[in-house]
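I have placed the structure first, in the form of structure tokens, so that the comments after it can refer back to it.
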Amino acid sequence: MRNTRPTPAFLVGAAIVALIAATALLSFFFTPFDPLQVNAPARLQGPSLQHWLGTDNLGRDLLSRILVGARITLLVGVVSVGIAVLIGTPVGIWAGMRRGAVEEITMRGADILLAFPALLLAIMFAAIYGASTVSAMAAIGLASVPGFARVARAGTLQVMNAEYVLAARAAAQRPVRIAARHVLPNITGMLLIQCSVTFALAVLAEAALSFLGLGTPPPVPSWGRMLQESQQYWGTFPAMALWPGLAIASAVMGFNLLGDGLRDWLDPKLGRGKA
Amino acid sequence: MLVRIAGNLARFVLSLLAATLAVFALMRVLPGDPAAIAAGENATPEVVAGLAKQFGTDRPLPVQYWDWFSGLWRGDFGVSYVTRTDISPLVADKVQVSLILVTLAMALALAIAIPAGTIAAVRHNKPSGAVIAAASQLGIAVPGFLLGIVLVSFFALRLGWLPANGWVAPGVDFAGFLARLVLPVIALAGVQSAILVRYVRSAVLEVMHEDYLRTARAKGLSPLGALVRHGLRNAAIPVLTVTSVQFSALIIGAVVIERVFVIPGLGSMLLSAVGNRDLLTVQSVVMVLVAITLVVNLLVDVLYTIVDPRIRAAAQGER
């Protein structure tokens with residue numbers, strides 16, 4: 001019962017994600033203004049032909065800062081999801097294939113790590129190592145490991161009962177080979193869904209962390225930090241909070257929709273009802 | 001049933017033990033010397049050694065862990081390395097603020113999500129159901145602190161209906177206490193209700209196809225009446241699970257919301273401790289936040305046993 005066409009949710013999500021990626025790439029070659037250029041006379045301006053989204057409290061061009069801010073969002077998302085996939089997947093497959101004590105210990109470990117949400121771990125890391133992009137990525141990545149371990153284990157348990165795996169085991173293939181040839185390809189879809197959902201959570205955690213002033217230090221623009229810098233102007237000049245806020249919300253929605261769309265598309269049985 | 005609850009309790013104690021080990025390991029085994037951090041970058045080795053002796057961080061790690069752990073049991077978190085004051089009274093003070101915020105937010109989130117999710121399921125092929133589902137998809141994407149900013153700039157700063165931030169103890173000025181709670185509680189509950197709506201909707205959708213609902217309707221109950229009398233209790237179980245998982249998200253969300261609304265709870269305490277590099281205070285607050293999550297998980301596990309007659313029956317079978 002595999003749908004052949006992607007759902008609208010998938011297409012909308014993919015379009016938003018592609019737009020953000022294109023934005024981040026574009027910012028390396030072109031921004032309307034230098035995102036760090038302070039221009040006091042032009043402070044707190046509304047949208048104009050010159051400054052499409054207006055300027056912030058220091059007269060910096062908001063559009064340029066939003067464009068460059070996409071880089072941090074994507075960088076933190078890609079690296080932390082990467083860490084989580086690379087650690088969580090092998091651990092989950094190992095647990096699912098070996099069962100017994102290995103499974104019990106790794107999964108209880110995952111349970112304990114789950115009591116530490118990404119943002120809490122990131123705040124702890126900021127306390128220990130100081131606020132930086134690297135400690136944010138490491139913390140968010142580590143906090144996302146249990147999710148991947150659980151998904152990989154659940155998928156592995158299903159696959160291990162399939163006849164082709166029984167055949168491979170009967171043919172005395174080495175476990176590593178079975179994992180690589182039979183298990184991994186069959187759980188890739190589930191892992192992709194998990195990547196997308198985790199990415200959305202990573203974007204959220206990074207935004208909150210930057211808002212708290214514990215993410216990427218200034219002057220590098222990030223959407224969360226732009227929100228924090230706007231705090232004094234919420235009453236008088238809400239546009240300064242509006243644009244980074246919209247950017248964060250659309251990024252989160254993009255990755256969530258992508259995940260939902262993938263779930264409905266790749267495995268309708270996994271779907272928790274189409275939203 | 002009692003056996004089952006005892007099992008839940010045992011699992012809770014084990015998780016709590018593991019959590020203390022995890023927090024201690026993260027905070028003390030990985031990083032550098034707390035004495036060096038407290039002394040600052042330009043301190044001489046003698047000053048650092050003196051501080052390490054004073055803090056007790058020159059002792060072996062297992063000894064330090066035991067010291068901290070046995071203190072926790074007595075409700076004693078020790079003395080801050082930076083402010084040199086007792087951490088426990090401060091935690092006791094702040095935890096009340098955070099618990100009020102988080103409990104009210106979860107109650108509001110459920111009060112919105114249960115009716116909205118049920119309507120979305122009952123009318124899943126009508127426009128009203130689709131509107132709720134779409135609104136929840138949008139709501140999930142708006143982080144709580146962002147919703148907080150929108151609420152503050154509109155309802156507090158533009159319209160002036162409510163205070164923009166701050167906190168008053170309920171004993172001092174109850175009306176002021178409530179007025180200051182409205183916006184932060186809505187901000188926290190917003191995202192949670194959007195997430196919970198989806199789970200309520202799919203749980204109710206699942207229940208709607210059950211035979212006992214058809215029987216109830218054959219008896220003459222209206223579709224909604226049948227659902228409320230017979231369906232919701234069964235839909236409650238998956239929703240309870242999500243509620244307990246979401247509680248930890250709510251607690252960490254409150255840390256950020258406290259910053260937006262300048263509320264003196266555990267979140268503010270944690271962030272100022274991070275700013276001061278006050279590692280023992282960070283360690284204590286993190287431990288309290290994790291412990292609250294685990295207590296909520298325990299309560300939900302116990303609730304299952306009470307809500308679900310099947311689990312109760314299975315437990316009696318075990319005995």
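Every read-out reported here was derived from the displayed coordinates using simple, explicitly stated rules and does not represent laboratory data. Since the structure is predicted, the reported quantities are computational estimates derived from the model, not experimental observations. Backbone-built Cβ (ideal geometry, glycine too); neighbour counts: all protein chains shown.
The table for this structure:
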item	result
Estimated inter-spin distance, residue B:159 and residue A:154, nm [label 7 Å along Cα→Cβ]	4.1
Rounded tilt (10° steps) of B:61-73 against the dominant C-alpha axis of chain B	50
Residue order, fewest to most surrounding Cβ atoms within 10 angstrom, among A:142, B:232	B:232, A:142
Computed [θ] at 222 nm, deg cm²/dmol, chain A (DSSP H ≥ 4; -39,500 (n - 2.57); rounded to nearest 500)	-23500 deg cm²/dmol
Peptide-level mean, for A:254-261, of C-beta atoms on other protein chains within 10 Å	1
Label-point separation, residue B:17 to residue B:42 (7 Å along Cα→Cβ), nm	4.8
Charge dipole magnitude, Cβ of K and R +1, D and E -1 - chain B, Cα centre, debye nearest 20	1340
Phi to ³J(HN,Hα) by Karplus 6.51 cos²θ - 1.76 cosθ + 1.60 over segment A:7-18, Hz, x for Gly, Pro	6, x, 4, 4, 5, 5, x, 4, 5, 5, 4, 5
Angle between chain B longest axis and helix B:45-55 axis [Cα atoms, degrees, rounded to 10]	50
Efficiency of FRET between residue B:49 and residue B:134 - r from beta-carbon atoms, R0 41 angstrom, step 0.05	0.05
FRET efficiency for residue A:161 and residue A:19, using Cβ-Cβ distance with R0 set to 51 Å, rounded to 0.05	0.75
Chain B: angle of helix B:127-141 to the longest principal axis, Cα-based, in degrees nearest 10	10
Relative exposure of A:105, B:195, A:187, judged by other C-beta atoms within 10 Å (fewest first)	A:105, B:195, A:187
Likely footprinting exposure, A:229, A:163, B:258, A:104, fewest C-beta neighbours within 10 Å first	A:163, A:104, A:229, B:258
Backbone HN-Hα couplings from phi across segment B:242-251 [Karplus 6.51/-1.76/1.60, Hz, Gly and Pro as x]	5, 4, 6, 5, 6, 4, 5, 5, 5, 5
222 nm mean residue ellipticity, helices alone, for chain B (DSSP H n ≥ 4; -39,500 (n - 2.57); rounded to 500)	-25000 deg cm²/dmol
Test item: A:107-120 mean partner chain Cβ contacts at 10 Å	5
Karplus-derived 3J(HN,Hα), 6.51/-1.76/1.60, for each residue of segment A:118-131, Hz, glycine and proline x	3, 5, 5, 5, 5, 5, 4, 4, 5, 5, 7, 9, x, 6
FRET efficiency for residue A:105 and residue B:58, using Cβ-Cβ distance with R0 set to 41 Å, rounded to 0.05	0.80
Shape category assigned to the protein assembly as shown from the gyration tensor of Cα positions, a/c cut at 1.5	rounded
Shielding score for B:257-266, defined as the mean number of other chain Cβ atoms within 10 Å	1
Proximal aspartates and glutamates to residue B:219, defined as alpha-carbon separation beneath 14 angstrom and excluding residues fewer than eight positions away on the same chain	B:211
Under 15 Å, Cβ to Cβ, from residue A:104 - net charge with Lys/Arg +1 and Asp/Glu -1	+4
